[in-house]
Structures are given as C-alpha cells and as structure tokens.
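Notes to accompany the following structure.
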Amino acid sequence: VRAADNIVAITGAGVSTASGIPDYRGPEGQWALDPKSELESDVSVLLGTAGVRERTWQSMLSSGVRTASPNAAHYALARLEQEHRLGLLLTQNVDGLHLAAGTSPERLIELHGAARTTRCFRCGREYPTGEVLERVAAGDDDPRCAMRLDGRECGGGLGLAVVHFGEYVNVADVRRAYEVLSTCDLLLCVGTSLAVNTVTGFVLEAMRRRVPLIIVNESPTSFDESATAVVRGNITDTLPSLLGY
Ligand SMILES: [Zn+2]
C-alpha cells in the first residue's frame, strides 16, 4: 500500500453505513427490512406509478441521506488524493459523501449517479433534489417538472438522477475507469460485496493485469480467494489504519 501511487479505489454501501445510510443489499439493508422498497429501484415501476413516486419522496424526506456526514473512511480516501496517490475513486454510492469529504469531482466517478440531483423522466431537465424535497415538504406529494416546452409546462414525473434497476451505467464513465485501471498499481475495494456486474469487470481487469487487489469489507466477498489481502472489520477503523493514517 505504501509503495502504491496510482491507486484505484472502488467503494460501496459499506463505506457509508457508519454515516447512517442503510446498506441496501446487506442483511440489515432497506430491501431486507422493506421488500416493497425494492420496487422503487425499478425505473418502469417508478415511472408508471404516481403512488410509488410519492412513497419514494416521503422516504427520502425522512431518510438520513440529506443530513449524513462523511466518516473516517471517506476522509482517508480524500487524503489519499491530497497525497497524489489516488488515480480514481469509483463509487457505487449515490450519497455524495466522497465529495463532501473533499474528494475532487475530477477523481471521482459516481457509477450509480447522485441523489443530490433529480431529473424529469419526460424532458430530462435536472433539479437540485433539495428543491424538490422542499416542494414535497410543503405538501406537493408528486412534484412535476415545471420546464416550459412550446409554451406549455412539461409536467413530467420526477425521480432521483440515479441508475435504477433496468438502466445502464454511463458508458463514458466505464471507459474512463478501464483507462485508469490499465495503469494503476493497486486496486482497493472498500465496503462493497463486488456483486454488481460493472465492478466485477473492474476487478477481473485488475486481476488480468496482476495488479495487487486488497479487499476491505466487513463480510466475505466473491473475490476474497483471489485477493492479495483481505482486511475484515469495521471499515472506519481498518481503512485509515491500512492507509497509515
Ligand atoms: Zn420535464
């Protein structure tokens, strides 16, 4: 780790659980607790059903996503960049906490989008999610797009600008990730079960190049046996100490 100066890091929900954001896939995750919430990640359901959108906004309003703060793991990765040792940070999280911790947008790819942005399903216009939630809090249960098209209000349904089930990760982002992976000297996977196809591809690419692979996670992943090292335990403790902070 100390010798590496072009590190690619992949982070998942496990990095943000200590910030109070539920791990959607873990045993205690939101999907495990509320099977109905899985529906909200299916874009066709979200699009077609006003009732589902209303429930999504209400749960967003009461969730910790808007008020969460970065933790020691986010700050450790930001420090890696300050020391000019971070090639790229790829995150599966939509909570924006890497940016909040000081990671610069140029070094960060939010593979699954960002909850801070809301998008119209009809015209694509984007709004700050905070603005939309203010409308919800003021009693507008299913806020609609206010964009004027040909003199008429668009009126399309709104949803978070995140990658939903059935949608694809941005192709340009994936291409850039592979470019940096082709020169990196360490792949550091933190708080992710590495079960999602896109990140599985990144890990396989690093293995193909025989780049050292370090997995920092609280529970086993499907790549533990292929990893150079596996660090188990509380991520907010283990990651900073692994990085020597
Ligand atoms: Zn619109």
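For GLY130, indicate whether it is closer than 21 Å to GLN58 by Cβ, surrounded by fewer than 16 Cβ atoms within 10 Å (Cβ to Cβ) and touching a residue at least 40 places away in the same chain (Cβ under 8 Å). Criteria met by GLY130. As a summary of the residue check, GLU225 satisfies the conditions (1) in a helix (DSSP H, G or I); (2) over 20 Å from the mean Cα position of the chain (by Cα); (3) under 23 Å from GLU81 (Cα atoms) except for the one numbered (3). Just a yes or no: is a residue in the range 200-215 in contact (Cβ under 8 Å) with a residue 40 or more places away in the chain, over 19 Å from GLY87 (Cβ atoms) and in a strand (DSSP E or B)? No; the residues of the range 200-215 include none that is in contact (Cβ under 8 Å) with a residue 40 or more places away in the chain, over 19 Å from GLY87 (Cβ atoms) and in a strand (DSSP E or B).
Residues that are in contact with a strand residue (DSSP E or B) (Cβ under 6 Å, 6 or more places away or on another chain), of a type outside the set (A, V, I, L, M, F, W, C) and not in a loop (DSSP other than H, G, I, E, B) are absent from the range 176-194 altogether. Filtering the range 94-127 to residues that are without any contact (Cβ under 8 Å) to a residue 60 or more places away in the chain and within 16 Å of the ligand (Cβ to nearest atom) leaves THR117, THR118, ARG119, CYS120, ARG122, CYS123, GLY124, ARG125, GLU126, TYR127. GLU81 satisfies every condition listed in (1) in contact with a Phe, Trp or Tyr (Cβ under 9 Å, 6 or more places away or on another chain); (2) at pLDDT 95 or above except (1). Scanning the range 92-122 for residues that are charged (D, E, K, R), within 16 Å of VAL174 (Cα to Cα) and in contact with a strand residue (DSSP E or B) (Cβ under 6 Å, 6 or more places away or on another chain) yields a total of 2.
The set of residues in the range 47-61 being at pLDDT 80 or above and open to solvent by 30 Å² or more (accessible area, probe 1.4 Å) consists of GLU54, ARG55, GLN58, SER59, LEU61.
Do you know which of the residues in the range 136-170 that are out of contact with any helix residue (DSSP H, G or I) (no Cβ under 9 Å at 6 or more places or on another chain), open to solvent by 70 Å² or more (accessible area, probe 1.4 Å) and within 23 Å of SER59 (Cα to Cα) is farthest from the ligand (Cβ to nearest atom)? Here the residue is ALA138. Just to be sure before I move on: is ASP237 out of contact with any Leu (no Cβ under 9 Å at 6 or more places or on another chain) and open to solvent by 30 Å² or more (accessible area, probe 1.4 Å) in the structure I sent? Criteria met by ASP237.
Answer yes or no as to whether LEU88 is within 16 Å of the ligand (Cβ to nearest atom) and either open to solvent by less than 70 Å² (accessible area, probe 1.4 Å) or touching a helix residue (DSSP H, G or I) at 6+ places or on another chain (Cβ under 7 Å) (or both). So that I can check it myself, show each step before the final result.
Working: within 16 Å of the ligand (Cβ to nearest atom): no; either open to solvent by less than 70 Å² (accessible area, probe 1.4 Å) or touching a helix residue (DSSP H, G or I) at 6+ places or on another chain (Cβ under 7 Å) (or both): yes.
For LEU88, the condition - within 16 Å of the ligand (Cβ to nearest atom) and either open to solvent by less than 70 Å² (accessible area, probe 1.4 Å) or touching a helix residue (DSSP H, G or I) at 6+ places or on another chain (Cβ under 7 Å) (or both) - is not met.
The values are calculated or read from the model by the stated rules, or taken from the named source; none is laboratory data. For clarity, every value in this text was computed on a predicted model and none was experimentally measured. Note that we place each Cβ from the backbone using ideal geometry, even for glycine, and neighbour counts take in every protein chain shown. When the accessible area is computed, the model is the full protein with side chains, heavy atoms only, and any ligands, DNA or RNA have been set aside. Shrake-Rupley method; radii C 1.70, N 1.55, O 1.52, S 1.80 Å.
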